[in-house]
1. When you check His66 against the structure, is it under 17 Å from the mean Cα position of the chain (by Cα) and either within 12 Å of ligand 1 (Cβ to nearest atom) or open to solvent by 10 Å² or more (accessible area, probe 1.4 Å) (or both), yes or no?
2. Taking the options Glu73, Glu53, name whichever one is at pLDDT below 95 and either under 23 Å from Gly197 (Cα atoms) or assigned to a helix (DSSP H, G or I) (or both).
3. Looking only at the stretch 1-27, count how many residues are away from ligand 2 (no atom under 16 Å from the Cβ), assigned to a loop (DSSP other than H, G, I, E, B) and surrounded by 14 or more Cβ atoms within 10 Å (Cβ to Cβ).
4. All but one of (1) closer than 23 Å to Asp120 by Cα; (2) within 13 Å of ligand 1 (Cβ to nearest atom); (3) of a type outside the set (A, V, I, L, M); (4) open to solvent by less than 40 Å² (accessible area, probe 1.4 Å) hold for Pro43; which doesn't?
5. Output the number of the condition that Arg123 fails; it satisfies all remaining conditions of (1) farther than 18 Å from Leu67 by Cβ; (2) in a helix (DSSP H, G or I); (3) open to solvent by 80 Å² or more (accessible area, probe 1.4 Å); (4) not acidic (Asp, Glu).
6. Taking into account only those residues within the stretch 82-115 that are polar (S, T, N, Q) and either more than 12 Å from the chain's Cα centre (by Cα) or open to solvent by 20 Å² or more (accessible area, probe 1.4 Å) (or both), which is nearest to Asp175 (Cα to Cα)?
7. Just wondering, is there one or more residues in the stretch 142-159 that are closer than 27 Å to Glu19 by Cβ and either outside any loop (DSSP other than H, G, I, E, B) or of a type in the set (A, V, I, L, M, F, W, C) (or both)?
8. Say we look at the stretch 149-195 and pick out the residues that are free of Cβ contacts under 8 Å to residues at least 60 places away in the same chain and closer than 24 Å to Phe47 by Cβ; which of these is most open to solvent (accessible area, probe 1.4 Å)?
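The values are calculated or read from the model by the stated rules, or taken from the named source; none is laboratory data. Source: prediction; values computed, not measured. For neighbour counting, all protein chains shown are included, and Cβ atoms are generated from backbone atoms with ideal geometry for every residue, glycine included. All accessible areas refer to the heavy atoms of the entire protein, side chains included, with ligands and DNA or RNA removed. Shrake-Rupley method; radii C 1.70, N 1.55, O 1.52, S 1.80 Å.
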Amino acid sequence: MPRIIAPSVLSADFARLGEEVEMINQSQAEWLHVDVMDGVFVPNISFGFPVMETLRRYSRKPLDVHLMITHPEKYVERFCEAGAWSVGFHLEATDDPRPALEMIRNKGVRTCLTINPDIDVHRLDPYLAEVDMVLIMSVFAGFGGQKFIPESLDKVRYLREQISRQGFSTLIEVDGGINEQNAKQVFGAGADVLVAGSAVFHAREPKVAIRNMLDE
Ligand code: DX5
Ligand code: ZN
């Protein structure tokens, strides 16, 4: 199983965005996580296409786009065209996620379905065979710097079991409140990819923080 750290650029210093991205380029992080918020699905607004353009220009790491927006089907193609390596959106933001998944797939981009902490993990069951990744939110989507919700580990264990038992290659990503102290436990529960925002960008030595999260 791969162990991937995806720093969330939401916690970066936007006045030094190019430098922050270069720091990630030189780190052991494999992806760069891009949190897009619309102020409707979540009570916060982050950034959109102009920032995506900058990230695409500077990042040598694949852009893992996490859409926290209503009507994802209206925007997924544009995020694919803006250089996303994977595009994920919230299951609970749609009546039927399949049209948006299809649009992403048709662009040759990897698909991801996400659920907030109050959404039953079993709702992902019907999609495990067809998406490239599922993303378990371990805080409520909307803000960086929140505390990890320990019950999220049960969802990760459940998904790991389902995916292994059925022989799928679906990746499990966990996002929210991940730090050097709990990363090992979350990987241990079966996660492949950990998103970390404040624990990376607010660390005194971000590259060391990333390395520590990957330590066995
Ligand atoms: C929350 C975002 C997360 C967030 C993680 O809505 O999806 O990716 O930036 O930040 P930390 O690691 O600080 O919880
Ligand atoms: Zn995120």
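1. So His66 fits the description; yes.
2. Glu53
3. Of the residues in the stretch 1-27, 2 are away from ligand 2 (no atom under 16 Å from the Cβ), assigned to a loop (DSSP other than H, G, I, E, B) and surrounded by 14 or more Cβ atoms within 10 Å (Cβ to Cβ).
4. For Pro43, the failing item is (4).
5. (1)
6. Thr94
7. Yes, the stretch 142-159 has at least one match.
8. Asn179
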